[in-house]
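Read through the structure below, which is laid out as structure tokens, and then see the notes.
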Amino acid sequence: QQPVQSPQAVILREGEDAVINCSSSKALYSVHWYRQKHGEAPVFLMILLKGGEQKGHDKISASFNEKKQQSSLYLTASQLSYSGTYFCGTERTDKLIFGTGTRLQVFP
Amino acid sequence: DAGVIQSPRHEVTEMGQEVTLRCKPISGHDYLFWYRQTMMRGLELLIYFNNNVPIDDSGMPEDRFSAKMPNASFSTLKIQPSEPRDSAVYFCASSLSGGAREQFFGPGTRLTVL
């Protein structure tokens, strides 16, 4: 039931791009993305609703393919501040089921 | 707004003791969620409340765990008796009106049961 994320970990140099994928075995109504820095709480990035829409925040954007039950998070020209663990969350009747997480490390 | 407030931030206790974690949600938010995070199991939802009423407690691991929300500004998660496998970071989060809304997380309580 828990969404599966891939890859499990990514190591980047500043300025490089990355893609994080989230797949669900169940139908998706919306997908949430959160980032958690080491020792801190998860922080909301964005929500994607049905319709295959793509949303963005600064140089972080995401897509949602409800037919494939997948979402992808795109990080462009990564910055040191992007380091952390990224979680997708799939909505189930007012609650979120968080994915397995992807650890992203950006080095200078 | 002060955000979601949790206390204590750290708790170290011995096996068999009762542990109470506290949460104050953001004012006006009508949903409150309790999560547990461990390396092995990731971020798990334990229970959530809507307008102070528990809606889904299917994630509560066993009867040793209980949660209450006596009013809109306070919730507790109690573990009695505690066991070493309960060691984890416990987060409380709140949101406005429903699942497709941003959840605001508190700083978490790091629980260590010896």
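Placing unit charges on C-beta atoms (Lys and Arg positive, Asp and Glu negative, everything else neutral), compute the dipole magnitude of region A:12-54 about its Cα centre in debye, rounded to 20.
Values: 5 positive and 5 negative charges, 48 e Å.
My answer is approximately 220 debye.
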Quiz item: From the backbone phi of region B:102-114, what are the Karplus-calculated ³J(HN,Hα) couplings (6.51 cos²θ - 1.76 cosθ + 1.60, θ = phi - 60°) in whole Hz, Gly and Pro given as x?
Solution: 4, 9, 9, 8, x, x, x, 10, 8, 9, 10, 10, 8
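Considering only protein heavy atoms and a 1.4 Å probe, what is the carbon-and-sulfur percentage of the accessible area of chain A? Before the final figure, lay out the partial values.
Working: 2620 of 5400 Å².
With neighbouring chains kept in place, the figure for chain A is 49 percent.
In chain A, how does Rg compare with the Kirkwood Rh, expressed as the Rg/Rh ratio over alpha carbon atoms?
On the way: Rg = 13.0 Å, Rh = 13.7 Å.
Reported Rg/Rh, Kirkwood definition of Rh: 0.95.
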Quiz item: How many partner chain Cβ atoms sit within 10 Å of a residue's Cβ in peptide B:30-37, on average, as a whole number?
Solution: 2
Quiz item: Under a straight-distance cross-link criterion of Cα-Cα below 17 Å, which lysines are reachable from A:K37, leaving out those fewer than 8 residues away in the same chain?
Solution: none
Quiz item: Distance in nm between label sites at A:E14 and A:A27, each 7 Å beyond Cα in the beta-carbon direction?
Solution: 4.7 nm
Quiz item: Short version: ³J(HN,Hα) in whole Hz for each residue of region B:81-91, in order, from phi by Karplus 6.51 cos²θ - 1.76 cosθ + 1.60 (θ = phi - 60°), x for Gly and Pro, what are they?
Solution: x, 7, 10, x, 6, 7, 4, 5, 9, 9, 10
Quiz item: So which aspartates and glutamates pass the test for A:K95, namely a Cα distance under 14 Å, with those fewer than 8 places away in the same chain ruled out?
Solution: B:D30, B:E44, B:D56, B:D57, B:E102
Quiz item: Is region B:31-102 best put as rounded, prolate or oblate by its Cα gyration tensor, with a ≥ b ≥ c the root eigenvalues, rounded for a/c under 1.5, and otherwise prolate when a/b is larger than b/c, oblate when not?
Solution: oblate
Quiz prompt | Interchain or long-range residues, amide H under 5 Å from A:V10's placed H | solution = A:R103, A:L104, A:Q105
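Pulled fully out, how much extra length does the chain show between B:M39 and B:R22, if you take 0.36 nm times their separation in residues and subtract their Cα-Cα distance?
Details: separation 17, 0.36 × 17 = 6.12 nm, distance 2.26 nm.
Full-extension gain reported as 3.9 nm.
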Practice problem: May I ask you to give the solvent-accessible area per residue for chain A, in square angstrom, as obtained with a 1.4 angstrom probe? | Solution: 50 Å²
Practice problem: Take every Cα pair under 8 Å in region A:57-108 that's 6+ residues apart, average their separations, divide by the length, and report that relative contact order as a whole percent. | Solution: 29 percent
Exercise. Among A:A9, A:N21, A:I60, flag the residue with its Cα farthest along the positive direction of the charge dipole of region A:1-88, charges on Cβ as +1 for Lys/Arg and -1 for Asp/Glu.
Key: A:N21
Quiz item: Got a sec? Charge dipole of region B:1-103, +1 on Cβ for Lys and Arg, -1 for Asp and Glu; which of B:I47, B:C23, B:G59 is way out at the positive end?
Solution: B:C23
Self-check item: Point-charge dipole on Cβ atoms (K/R +1, D/E -1) for the protein assembly as shown, about Cα centre, debye to 20
Solution: 240 debye
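Roughly how big is region B:1-48's charge dipole about its Cα centre, with Cβ charges of +1 (Lys, Arg) and -1 (Asp, Glu), in debye to the nearest 20?
Working: 5 positive and 6 negative charges, 18 e Å.
Dipole about the Cα centre, nearest 20: 80 debye.
The values are calculated or read from the model by the stated rules, or taken from the named source; none is laboratory data. It should be emphasised that the depicted structure is a prediction, and the values quoted were computed from it without experimental measurement. Methodologically, a virtual Cβ is constructed for each residue, glycine included, from the backbone with ideal geometry; neighbour enumeration extends over all protein chains shown. Just the protein is used for accessible areas: all its heavy atoms, side chains included, with ligands, DNA and RNA removed. Shrake-Rupley method; radii C 1.70, N 1.55, O 1.52, S 1.80 Å.
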